[in-house]
Structure formats: structure tokens, C-alpha cells
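First comes the structure, then the notes that go with it.
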Amino acid sequence: MSLRRLARWTALALLALPAAAQAADPGRWTLTGSSTMPLYYYQGVTSDAAGHFYFDGVDVGLYRTDSALNEQARNDDVIPPAVTATEGYNHIGDITWDGAEGGRILLPLECYYPPAGNTCETGSIGVADPATLQWRYYVKLDPKYIAKAMWAEVSPDGKLIWTSSGNDLLAYRAGQVKPAHAAPAGPMLKPVVTLRNAVPPTGITGATFRDGRLLVAGQDRDLFQVWSIDLATGSRQLEIERTIVGESEGLDVADALGGLLHWQIQPYNEQGPPTYPPLNGTLLHFAPAP
């Protein structure tokens, strides 16, 4: 969400509705609780094996917390001015942790300039240091296959970086995101896997892996869903369905906060008062149903 949209919503958000009733949920997950977050933990969430959460937002910030959401480090503008000047990038989507290079945070990059929208028509993967939250470098994605990078998720074996373009899932070799390929001089990466029409009908705002399957969150107005996708076939299965007024964002798997699956819900919407408190973000926690 842009700062313009955030300011407009903050001005309108006066009341919060109680949590909406469960819709046609398949019963695979149990909601165990929720946590409030600063509103600038907006666009995405990921975690590492040491028990840290990482968040980004509203547009270009990067933040690290402990497993109880106590903030440990912050960088309110991780994209260098020179990169914004060269590429136009002013927005980071749902981030992902990668164990390569001693640990790194991968940042899906795009641009959004209202009212024109995505004027860059290119996407990249930025690399940030998880300890300092400082920028390292970025690698461009070939615009023939993708016009912007809205989310990224590294496969459990660390070999692929998954994202989407339109209705298709794309995977890039994680080993190709390296300093030798750093933009603007480096080569533009091409996907090595394309799964046609594998994106669920509610789209993808964030993703994570569990038991080898890609879990993705998305929404269509107040219909919020999480799907799991078999990346060998592209077949998918509905995992969670809720009726929520708000905005779906990132998704992560971590054994923390009384749950295993964590879903970012933000208050911005164009329908009315949000389901969850309007002046902060909410992280919903789910555990597998008995």
C-alpha cells in the first residue's frame, strides 16, 4: 500500500468491527490468536531459524524482531536512492529468508506511481543483510516474463525463488542471485520453471512453504483465502477461508506466538470499517487442526 493510500485510510478509519464469522472454511487450520503490529510492518513477513521475524513496509522499510515481535533493528528506507533513480523502484513486496551468503533477506521490487501505476514495467530481487538490514545489491528479472516482483519465496532446498506473473507461477534459480549478476550491469534472469494458471482465484499477496507445498495468501474483496500448491503438478488445495474486511499481505511459517502459520492482515480497504483494529496491523496465528 502506498503512503497516499495509507494516509487516506488513517483519516477514514474511526471504528473497528468485531471479527467476522468463519466462511466456508475447510477446517484444516485452527485460529489460535492474533497479535498487533506497527502499521509500517505492512507488506511482508519472513523468519529465520534463529527465531527472528522480518517485516517490510509501508513501502521501503525493513525491520527485524524477536519471536515475540519485540523490535531489534530497523531501516526505514532500505532501497538506495541511486537504485530508485536508475530503476524507479519504490516498493517492496512479501519478503523471504535465504540461507545463502551467510544469510540474506530477498526483497521483491517494483514501482508504483499513482495514477500511472507500474511505470517501470520491470521487477528485481534485492538482497539485504539480515543483521544490519542494509542493502547489498539487486538482480533484475527479464521483463519479457514478469513486469514486477510482488512477492518472493525460497524453496525449502534453497535452490529456487518462486514468484508469480499474472496467473502463472515462476521460479528462478537462487544461485543466479549473486554479486556477479548484480544490476544494472549484470544479466537479467529468466525463469527456469513456469506453472501455467497455478495462481489461485484470489491471487497472491504473500507465500511460504510447509511440508514441501507452497502456501499462498490472497483475497477478493472480503473473501480471504490461503491455498497450498503442489509445485510438481500445479494442483492446489484450499487451506483457510475467512470473511475479513481489510487487506491480505504476507504469510510465514514459524513456531511462535502460539501458532505455526502467520498471516498479515492490514486495515486498508474501500468497503468500510475493518475487521481488525484500524490503526495498526494484525498478525493472525494458525495451528494445524487436530
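Working out 0.36 nm times the residue gap between A180 and N280, then minus their Cα-Cα distance, what length gain in nm do you get to one decimal?
Taking A180 through N280 to full extension adds about 32.0 nm, to one decimal.
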Net charge over other residues, Cβ less than 13 angstrom from the Cβ of L260 (K, R count +1; D, E count -1): -2
Interchain or long-range residues, amide H under 5 Å from G206's placed H: A217
Two-decimal ratio, segment 76-200, of alpha-carbon radius of gyration to 2.2 N^0.38 Å: 0.98
Degrees separating the helix 3-12 axis from the principal Cα axis of the chain, which is the longest one: 10 degrees
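Using per-residue counts of other Cβ atoms within 10 Å, averaged over each peptide, order 281-287, 249-255, 30-36 from highest down. Show your work: numbers first, answer last.
Numbers: 281-287: 21.9, 249-255: 23.4, 30-36: 15.3.
Final packing ranking: 249-255, 281-287, 30-36.
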Environment charge at Y137 (Cβ cut-off 15 Å; Lys +1, Arg +1, Asp -1, Glu -1): 0
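Taking Rh as the Kirkwood radius, which is the inverse of the mean 1/r over Cα pairs, what is the Rg/Rh value for the chain? Walk me through the numbers before you get to the answer.
On the way: Rg = 17.7 Å, Rh = 18.9 Å.
Radius of gyration over Kirkwood radius for the chain works out to 0.94.
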Those residues of segment 131-164 whose amide nitrogen sits under 13 Å from the label point placed on D211, 7 Å along Cα→Cβ: none
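For segment 150-286, what is the convex hull (Cα atoms) projected area averaged across all directions, in square nanometres? Walk me through the intermediate numbers first.
Working: hull surface 38.7 nm².
For segment 150-286, the mean projected area of the Cα convex hull comes to 9.7 nm².
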Accessible surface of the chain [probe 1.4 Å, protein heavy atoms]: carbon and sulfur percent: 54 percent
Size of charge dipole - the chain - debye, nearest 20, with Cβ of Lys, Arg +1 and Asp, Glu -1, no other charges: 460 debye
The chain, accessible area per residue, ligands and nucleic acids excluded (1.4 Å, Å²): 41 Å²
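Please arrange R74, R173 by accessible surface area, largest first, computed with a 1.4 Å probe and ligands excluded. Show your work: numbers first, answer last.
Working: R74 105, R173 130 Å².
Per-residue accessible area, sorted high to low, gives R173, R74.
The values are calculated or read from the model by the stated rules, or taken from the named source; none is laboratory data. Only a predicted model underlies this, so the values are computations on that prediction, with no experimental measurement involved. Counting neighbours? That spans all protein chains shown, and the Cβs are built from the backbone with ideal geometry, glycine included. When the accessible area is computed, the model is the full protein with side chains, heavy atoms only, and any ligands, DNA or RNA have been set aside. Shrake-Rupley method; radii C 1.70, N 1.55, O 1.52, S 1.80 Å.
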